[in-house]
Amino acid sequence: MQIPVVHSPPRASEVLQRSGASSTGIALDALPALRRVAPQDLAPASAATPGTSSSAGKYRTSPFREPGQQQRLGELQQGLAYAERLGQALQDLKSGLSRALAQPQLAGRQALPAKLEAVQQVWQARAGESGGQLDARLQPVAEGEQPRQLFRVRGLDVQALSSAGAETLRLAMPGQPRATLVPLDGQGLQRGLQSLQRALAATDMRAHSQGGELLFSAPESQWPALRDGLSLRGDGKRFPSGQMVRALLDPQPDAISPSGWQLDDSQAQRHSLVQVLDAQAKLDRAQQQLSQRLDSAAALTAQAATETSAAQQARFAAGFRAEASEQVLDFERLSALAPALLGLHRNQVQQLLLPPGQA
């Protein structure tokens, strides 16, 4: 077996001598100017301003690679996986309750406490295992939002906003350097609610009127600190003046409360079975919405992937041709110089691209 002879690539000086070039400067003059790649060259095409020439228009970023797209898919999949675990735990408890009520003498009813405990454990893990896709009301969280805790503030209700007389309410929130000022002009509920909403716009709290009640919400992650640290003060009309007084917050109950389901007797089991069926109905609606969102996100990803494999490659090729056409290239010299470039190393090219004075 003969081993083929591998020749070392010719030196650049030898190639230039054979091609008739007297110096490396002549050969390099034939090449397009070398420059560093600027960050804006890798930006999406939409970032280019009208009337300007930018490489961003030629090498457009694909939606498939938009930051957050894969994370969004992962969160939806995680939310659906959690919903399936919760649904399975509820189904196991439902089956056990149905058998126990149909045949009370069966020994299988002894397994009911374990099935109920399984539901409780899955529900308690919702905040950490649902990917932020399900809130305590078993409703899908809006895209870009966090699960929020609904609550009421005692004394700060519809009646307080509707009362006559001007007053400035001060709300001191944990982590806020200054109190939030809420000017109430006493001109009716709508004006008072609008003033409250404008004041809270700079915070993570929100307020809205629902069913004749004034409800507030805050991110679930901030709820413990807010529950224990929110204080308020007024001018002595609706709210006491003087020192800040700790506000009393009443959280809205969760959609399901498995810790309160009882299994002591047949009546308690029937009541718990009703609660389980109601929880399953709410969970089914949430799963349908999450599935639709996942299907839509997956369709967008597939469309972007197709664009990446076809249209974007075509745009890249067109951009490369346009870039080359802007330069006067001597392909005879390029073909003579190309073999010499095989011997160049990465660090040599990097040194060549450094700005003047840093080489």
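The values are calculated or read from the model by the stated rules, or taken from the named source; none is laboratory data. Source: prediction; values computed, not measured. Here the Cβ positions follow ideal geometry from the backbone for every residue, glycine too, while neighbour counts run over all protein chains shown. Quick note on the areas: whole protein, heavy atoms, side chains included, nothing else; ligands and nucleic acids left out. Shrake-Rupley method; radii C 1.70, N 1.55, O 1.52, S 1.80 Å.
List of remarks:
- Spacing of the two label points (7 Å from each Cα toward its C-beta) at Ser209 and Gln77, in nm: 4.6
- Backbone amide hydrogens, once placed in the peptide plane, bring Thr168 within less than 5 Å of Leu184, Asp235, excluding anything fewer than 5 places away on its chain.
- Summed residue charge, Cβ within 15 Å of Gly242's Cβ, Lys/Arg positive, Asp/Glu negative: +3
- Using a probe of 1.4 Å, the accessible surface attributed to Asp264 totals some 120 Å² when neighbouring protein chains are kept in position.
- Seen from Tyr82, the other residues with C-beta closer than 13 Å to its C-beta sum to a net charge of -2, counting Lys and Arg as +1 and Asp and Glu as -1.
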